[in-house]
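Trainee: Below is one structure. I have some questions about it.
The values are calculated or read from the model by the stated rules, or taken from the named source; none is laboratory data. What you see is a predicted model; the values in this text were computed from it and never measured. Neighbour counts run over all protein chains shown; Cβ positions are idealised from the backbone, glycine included.
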Amino acid sequence: MRMLQIHSDGFSYEAKRKALKNAEAVKEKVYKTEDSCLVNFIAAETTDANDVSAAAKATAEMIASAADEIKEKNIVVYPWVHLTESPSKPSVALKLLKAIAKDLKERGFNVVRVPFGWYKSFELHCKGHPLAERSKVLDISKEIAKGADVDVTEGEDLTALAAEEKSTSEFFIMEPGGKVTDIKEFNYAKYKELKLYMEYETAKDRTAHEPPAHIELMKKLELVDYEPGSDAGNFRWPPRGLTLKKAIEERVTAEMVDYGAHVIQTPLIYDYEHPSLKAYLQRFPSRQYVVRSGEKDYFARFSACFGQFLLISQAQVSYKQLPLKLFEIAPSYRREQSGELAGIRRGRAFTMPDIHEIVVDEEGAKAAVLRQLEFVEKLHGELEVSYEVSFRLLRSFYEENKDFLTKVIDRIGKPVMIEVFDERYAYFIFKGEWNVVDDQKKAGCLGTIQIDVENSERFDIKYVAEDGKERFPLILHTSPSGSIERILYGVLEHAHKQMKIGKVPHLPLWMTPIQVRFAPVDDSFVDYCLELGKVLDAAGVRYEIDDRSQTVGKKVRSAEKLWIPYIAVIGEREQTSSELSIRRRELKDQVKMSIDELVKEIKEKTSFAPTQRLLLPNLVSKQAIFSREV
RNA sequence: GCCUCGGUGGCUUAGGGGUUAUAGCGUAUGCUUCGUAAGCAUAAUGUCGUGGGUUCGAUUCCCACCCGGGGCUCCA
């Protein structure tokens, strides 16, 4: 929408002849007033078609505030297409103008709407004061992206926010066996981290004075870094970090394949106008990245739900295939508020392993939760971090399923926090969360299992039942591990906590980019290192050779600063004896072993993880320095 | 989005309305060929976040914007 506003002493027009076949019918072709008025020449643009009523409301608001500033009660709404180079269709323009006029009348202004689709003559007399001539531009698609203050039109459902506000919750701790204790009464002596997690969840003051510890670590270890050329909260992954990221992705994918998932890939951007997506989006305040393509706006997905739901809604699904699982490593985007961003704990771009499991009914869903618990617990264990579990349940579901919940908590094997809420503010009736607590006592949610009771209908996802009829299933939304970024955050924060209590920080061996570093004592042993490297290549062990011409002390220091778990100094002794001298980080020792024994030890400790190649040259002298120190 | 603190070579950082803006790490070159956390010497590298303003003069003061930290709100 583009608008030219003139504060005028008097105004008149005369409709001469029709410019459009379907021009408005006009009773009075002539209008004239001597009263002062605010004349608004308005052109509707293509973008306004995205949401005419929102554009109308925003425009009316602009006019009303301008009128208030100049204390004017008389408003003229004048269609004037020539203000824009990308006019909307006439029908959109007419709808917009009518809606603007209606809105302004409701605000108590005297409104004259000049007929649409005519060639007209007009006269006005600009008052010439500083506010008498103004122009305004509105791009409603941008306003849609901003979300908050956009009008809600017919049939839309924005009840989520309101429901969340008035929803009341009860918090308690449930132990294996089913014992329930109020969160304030519970004895946390043996459960320090659970206490921290509970305090975080229920705290009013979340003040932290230091930057999160993982931010410095992620740069120093050259794993991941901010990209200043992108939007805030978008990261770049140099090769060490990318190796780790892919190792985690492949690990989770392998687990999901074992679980029986259909592994897929779906688009990054989606059409705002798609009926199912529209209904889904309107349930929530919008936090999307908007992507403009030609005349249309798309949004970057904020989870894998859309693509997976659209794919499965058009697939043939029989009860025989249930429970049916779709899995995707889904790069996703959420335009979080700037103040919410915190390193890789919370960014605007993240990589979410996301599985949706389609089940027949609530019984099927509960059975699926018990199955999914297994891999969620297993994967979190492999991250070598401590975590706290919580469940959030709708009261009715909680009341009817206490036995089920007890079974779940028995499986978890330690006390968990329970929140029971009275009003369903989102699509789920059950949500499990696996959380890490960082050094700032803030919690970050990794894995999650949710039972979704409303999206099969919204996305028209059906299966054919035994009786040949189509039925809506329930859907479990699950992230087996949480986003890769969040995992790394958890791992690094855990390492930092270890450091603080005097332990050696480390990355889990299976994900660490470099498992072995060779430090030849001088140039002449580089060739022997290359030979040893071939053995590691064959075994799928990631290594590098520090072939820079430096002292051994300095090479060891460099490897230690990168937290490399196995450092092998290679010199005359090693070459002649074929025994390696290995410095093991975690055990803080130095042992003799053959290359085969080294391979065996590493392979045994990482047997559960798929082989991931190192994604940069093995020779350190050939590696660019991205953000590491030495 | 709002409040608040910050941004000085690749990184960490000193400084401050006025001559040529520090230092360490890293990098380059030369020497050193070294045995488990820093070998020696020399050199290069700065539009002091960006844009505008005040001033004889701005990296320093003011404004706007961008980026980062913290907080509020938020976290489908």
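Trainee: For the stretch A:188-229, which residues satisfy the criterion of being part of a loop (DSSP other than H, G, I, E, B), in contact (Cβ under 8 Å) with a residue 12 or more places away in the chain, more than 8 Å from RNA strand B (Cβ to nearest atom) and out of contact with any strand residue (DSSP E or B) (no Cβ under 6 Å at 6 or more places or on another chain)?
Mentor: A:Tyr191, A:Leu221, A:Glu222, A:Leu223
Trainee: Filter the stretch A:312-341 down to the residues that are surrounded by fewer than 19 Cβ atoms within 10 Å (Cβ to Cβ) and assigned to a helix (DSSP H, G or I) and list them by number.
Mentor: A:Ser313, A:Tyr319, A:Lys320, A:Gln321, A:Ser338, A:Gly339, A:Glu340, listed by residue number.
Trainee: Only one residue in A:Gly490, A:Gly553 is surrounded by fewer than 17 Cβ atoms within 10 Å (Cβ to Cβ) and out of contact with any helix residue (DSSP H, G or I) (no Cβ under 7 Å at 6 or more places or on another chain). Which one? Steps first, answer last, please.
Mentor: Working: A:Gly490 fails: surrounded by fewer than 17 Cβ atoms within 10 Å (Cβ to Cβ).
Being surrounded by fewer than 17 Cβ atoms within 10 Å (Cβ to Cβ) and out of contact with any helix residue (DSSP H, G or I) (no Cβ under 7 Å at 6 or more places or on another chain) holds for just one of A:Gly490, A:Gly553, which is A:Gly553.
Trainee: Something else now. Kindly check whether there is at least one residue in the stretch A:11-27 that is of a type outside the set (S, T, N, Q), crowded, with 23+ Cβ neighbours inside 10 Å and either within 14 Å of A:Val112 (Cα to Cα) or out of contact with any helix residue (DSSP H, G or I) (no Cβ under 9 Å at 6 or more places or on another chain) (or both). Full working, then the answer.
Mentor: The first filter runs over the stretch A:11-27 and keeps only residues of a type outside the set (S, T, N, Q), leaving A:11, A:13-21, A:23-27.
If we keep only those that are crowded, with 23+ Cβ neighbours inside 10 Å too, we end up with A:11.
The next check asks that each one be either within 14 Å of A:Val112 (Cα to Cα) or out of contact with any helix residue (DSSP H, G or I) (no Cβ under 9 Å at 6 or more places or on another chain) (or both); those that pass are A:11.
Yes, the stretch A:11-27 contains at least one residue that is of a type outside the set (S, T, N, Q), crowded, with 23+ Cβ neighbours inside 10 Å and either within 14 Å of A:Val112 (Cα to Cα) or out of contact with any helix residue (DSSP H, G or I) (no Cβ under 9 Å at 6 or more places or on another chain) (or both).
Trainee: Let me ask something else. Identify, please: which residue in the stretch A:554-572 is more than 6 Å from RNA strand B (Cβ to nearest atom) and free of Cβ contacts under 8 Å to residues at least 60 places away in the same chain and is, among those, nearest to A:Arg628 (Cα to Cα)? Walk me through it before giving the result.
Mentor: Residues of the stretch A:554-572 that are more than 6 Å from RNA strand B (Cβ to nearest atom), as a first pass: A:555, A:558-559, A:562-566, A:568, A:570.
Filter once more, so that each one left must be free of Cβ contacts under 8 Å to residues at least 60 places away in the same chain: A:555, A:559, A:564-566, A:568, A:570.
Numbers: A:Lys555: 14, A:Ala559: 11, A:Ile564: 13, A:Pro565: 17, A:Tyr566: 18, A:Ala568: 20, A:Ile570: 23 Å.
Checked the stretch A:554-572; the qualifying residue nearest to A:Arg628 (Cα to Cα) is A:Ala559.
Trainee: On to the next question. Would you mind stating whether A:Ile344 is under 23 Å from A:Tyr270 (Cβ atoms), surrounded by 23 or more Cβ atoms within 10 Å (Cβ to Cβ) and within 16 Å of RNA strand B (Cβ to nearest atom)?
Mentor: Details: under 23 Å from A:Tyr270 (Cβ atoms): no; surrounded by 23 or more Cβ atoms within 10 Å (Cβ to Cβ): yes; within 16 Å of RNA strand B (Cβ to nearest atom): yes.
The answer is no for A:Ile344.
Trainee: Identify the residue in the stretch A:491-511 that is of a type in the set (A, V, I, L, M) and not in a helix (DSSP H, G or I) and, among all such residues, is modelled with the lowest pLDDT.
Mentor: Of all residues in the stretch A:491-511, those of a type in the set (A, V, I, L, M) come to A:491-492, A:495, A:499, A:501, A:504, A:507, A:509, A:511.
Of the ones still in play, those that are also not in a helix (DSSP H, G or I) are A:501, A:504, A:507, A:509, A:511.
Details: A:Ile501: 90, A:Val504: 93, A:Leu507: 96, A:Leu509: 97, A:Met511: 97.
Out of the qualifying residues, it is A:Ile501.
Trainee: Taking the stretch A:380-406, which residues are farther than 22 Å from A:Gly490 by Cβ, of a type outside the set (S, T, N, Q) and surrounded by 17 or more Cβ atoms within 10 Å (Cβ to Cβ)? Talk me through it step by step, then tell me what you get.
Mentor: Going through the stretch A:380-406, the residues farther than 22 Å from A:Gly490 by Cβ turn out to be A:393-406.
Those left that are additionally of a type outside the set (S, T, N, Q): A:393-395, A:397-400, A:402-405.
Those that are farther than 22 Å from A:Gly490 by Cβ, of a type outside the set (S, T, N, Q) and surrounded by 17 or more Cβ atoms within 10 Å (Cβ to Cβ): A:Leu393, A:Leu394, A:Phe397, A:Tyr398, A:Phe404, A:Leu405.
Trainee: Out of the stretch A:434-465, which residues are without any contact (Cβ under 8 Å) to a residue 40 or more places away in the chain and either over 25 Å from A:Ser313 (Cα atoms) or charged (D, E, K, R) (or both)?
Mentor: Scanning the stretch A:434-465 gives A:Asp452, A:Glu454, A:Glu457.
Rundown of residues vs (1) crowded, with 19+ Cβ neighbours inside 10 Å; (2) among the basic types (Lys, Arg); (3) at pLDDT 85 or above, yes/no style:
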residue: A:Leu96; (1), (2), (3): yes, no, yes
residue: A:Ala99; (1), (2), (3): yes, no, yes
residue: A:Lys105; (1), (2), (3): no, yes, yes
residue: A:Trp118; (1), (2), (3): yes, no, no
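Trainee: A further question follows. Among the residues of the stretch A:241-270, which ones are more than 15 Å from RNA strand B (Cβ to nearest atom) and assigned to a strand (DSSP E or B)?
Mentor: Hits for the stretch A:241-270 are A:His262, A:Val263.
Trainee: Answer yes or no as to whether A:Leu488 is assigned to a strand (DSSP E or B) and in contact (Cβ under 8 Å) with a residue 24 or more places away in the chain.
Mentor: no
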